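Asker: Handing you this structure, nothing more for now.
Bear in mind these aren't lab numbers, they're just calculated from the coordinates by the rules spelled out. Note that the coordinates shown come from a computational prediction; the quantities given were computed from them, not determined experimentally. Positions of Cβ are generated from backbone atoms using ideal geometry, with glycine treated the same way; all protein chains shown enter the neighbour counts.
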Amino acid sequence: MAHMIVAGNWKMNASKDAVAELLNGLKQGAAAVKNVKMVVFPPFPYLAQAQLELSGTDIHIGVQNVCAAGEGAYTGEVSLAMAKEFGVSYVLVGHSERRALYAEDDAQVAAKYVATQLVHMTPILCVGETLEQREKGQTLSVVTGQIQAVINVAGGASFANAVIAYEPVWAIGTGLTASPSQAQEVHHAIRAHVASIAPKQACSLKILYGGSVTAASAEELFAQADIDGGLVGGASLQADSFLAIGQAAK
Ligand code: PGA
């Protein structure tokens, strides 16, 4: 399979100074990370800074959320067209924190996914089960259900321009990582589910693992057959650790 993707979700962290330091570190180290697509997801106020600092590097920019509507009376929202003006090419949709803290449901997630593709940007569709769902043996049905909700609206062929991130909720920000075999089992089921509807797209679909990925855990995770990179939170806030995860994906 072609290049891996290593994406850094900064969440609601950083400051102008911290962003300057992080971007500078990434700029210095990016050339050493070859054949891996690196993407950063800064908070909106730092997009201009990211665009300026990362121009001339191979690091791509994404946003953590977006409004599905085009423009108008949506107080507090940010549109895809606005993001695009800052060089953004990826959009996280359905992150579990958006689902849990902001009550985003499958319909809203699907609307954001479709809107993102309409402007030729790439959605990274996040899916994952809670600990309770895992303990009840519902992991595969929850995850494939979240994907099917998008397929019902966007169709299976839409995965030609999308990425999926499997992020078990119990592993996000907890220091707990799914074992490589636990992750591979779910990634395989995700690819099989997409293949049952869109076989061609399923082969080339990138499926990232997320949930407390560190430089130490990345290599073994990325060695799994159906893991095509990572969506990294905490460890993406330091240039050294994020670049080390990029190196592990080579
Ligand atoms: P984490 O976050 O690496 O800090 O667990 C991952 C994510 O939520 O995308």
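Asker: Sorting S15, S96 on the 10 Å Cβ count, fewest up front, what's the list?
Answerer: S15, S96
Asker: Moving on to the next point. I'd like the FRET efficiency for A100 and V78, computed as 1/(1 + (r/R0)^6) with the beta carbon distance as r and R0 of 30 Å, rounded to 0.05.
Answerer: Working: r = 21 Å, r/R0 = 0.68.
Once the sixth-power term is evaluated, E becomes 0.90.
Asker: How big, on average over all directions, is the shadow cast by the Cα convex hull of the chain, in nm²? Let's see the in-between values first.
Answerer: On the way: hull surface 49.1 nm².
Computing the convex hull of the Cα atoms and averaging its projections yields 12.3 nm².
Asker: With every atom except the alpha carbons ignored, what do you get for Rg and Dmax of region 31-145, in angstroms?
Answerer: Calculated on Cα positions, Rg and Dmax stand at 15.9, 48 Å.
Asker: So, one more: Considering just Cα atoms, how many Å³ per residue does the convex hull of region 162-205 enclose? Mind dumping the intermediate values first?
Answerer: Working: hull volume 3.4 nm³, N = 44.
Expressed per residue, the convex hull around the Cα atoms of region 162-205 is 76 Å³.
Asker: List the pair-distance distribution P(r) of region 18-58, using every Cα-Cα distance, as the percent of pairs falling in each 5 Å bin from 0 up to the bin containing the longest distance, rounded to whole percents.
Answerer: Histogramming region 18-58 at 5 Å steps yields 5, 23, 37, 23, 10, 2 percent.
Asker: With a cut-off of 8 Å between alpha carbons and a minimum separation of six or more residues, what is the relative contact order of the chain in percent?
Answerer: Working: 468 pairs, mean separation 56.3, N = 250.
Worked out over the chain, it gives 23 percent.
Asker: I've got another one for you. Divide the volume of the convex hull of the Cα atoms of region 1-92 by its number of residues and quote the answer in cubic angstrom per residue.
Answerer: Values: hull volume 9.2 nm³, N = 92.
Value for region 1-92: 100 Å³ per residue.
Asker: Next question. List the residues whose amide H sits under 5 Å from the amide H of A14, counting only those 5 or more places along or on another chain, with H placed 1.01 Å from N in the peptide plane.
Answerer: Placed amide hydrogens put nothing under 5 Å from A14.
Asker: Now for a different question. As an exercise, find the ratio Rg/Rh for region 120-201 from alpha-carbon atoms, using the Kirkwood inverse-distance average for Rh. Present the calculation step by step, with values, prior to reporting the outcome.
Answerer: Working: Rg = 12.9 Å, Rh = 13.2 Å.
Over the Cα atoms of region 120-201, Rg/Rh equals 0.98.
Asker: Using the scaling law 2.2 N^0.38 Å as the reference, what is the normalised Cα Rg of region 48-92? Mind showing how you got there, number by number?
Answerer: On the way: Rg = 11.5 Å, N = 45, 2.2 N^0.38 = 9.3 Å.
Ratio of Rg to 2.2 N^0.38 Å for region 48-92: 1.23.
Asker: Sticking with this one: Return the long-range amide H neighbours of G229 (sequence gap of 5 or more, or a different chain), with a cut-off of under 5 Å between placed amide H atoms.
Answerer: Hits under the 5 Å cutoff: I5, Y209.
Asker: From the backbone phi of region 223-234, what are the Karplus-calculated ³J(HN,Hα) couplings (6.51 cos²θ - 1.76 cosθ + 1.60, θ = phi - 60°) in whole Hz, Gly and Pro given as x?
Answerer: Per residue, the Karplus-derived 3J(HN,Hα) values read 7, 6, 4, 9, 9, 10, x, x, 10, 10, x, x Hz.
Asker: Also: Just rank Y46, Y209, fewest to most, by other beta-carbon atoms within 10 angstrom.
Answerer: Going from sparsest to densest Cβ surroundings: Y46, Y209.
Asker: How about region 1-82: which GluC sites (Glu not before Pro) there lie in a loop by DSSP and see at most 13 other Cβ atoms within 10 Å? Please list the in-between numbers first.
Answerer: Details: sites: E21, E53, E71, E77; in loops: E71, E77.
Filter output for region 1-82: E71.
Asker: Another question, then. Pick out, in residue order, every one of the trypsin sites (Lys or Arg not before Pro) in region 98-139 that is DSSP loop and has at most 15 other C-beta atoms within 10 Å; say none if there are none.
Answerer: On the way: sites: R98, R99, K112, R134, K136; in loops: K136.
Sparse-neighbourhood loop trypsin sites (Lys or Arg not before Pro): K136.
Asker: Count neighbours as other Cβ atoms within 10 Å of each site's Cβ, and list the chymotrypsin sites (Phe, Trp or Tyr not before Pro) in region 71-137 that are DSSP loop with at most 15 such neighbours. Could the numbers behind the result be given before it?
Answerer: On the way: sites: Y74, F86, Y90, Y102, Y113; in loops: Y74, F86, Y102.
Passing sites in region 71-137 are Y74, Y102.
Asker: Between Q182 and Q28, what FRET efficiency follows from the Cβ-Cβ distance if R0 is 41 Å, with the result rounded to 0.05?
Answerer: Working: r = 35 Å, r/R0 = 0.85.
Here the calculated transfer efficiency is 0.70.
Asker: Lysine pairs in region 4-249 with Cα distance under 22 Å, only those 8 or more apart or on different chains: how many are there?
Answerer: Within region 4-249, the lysine pair count is 15.
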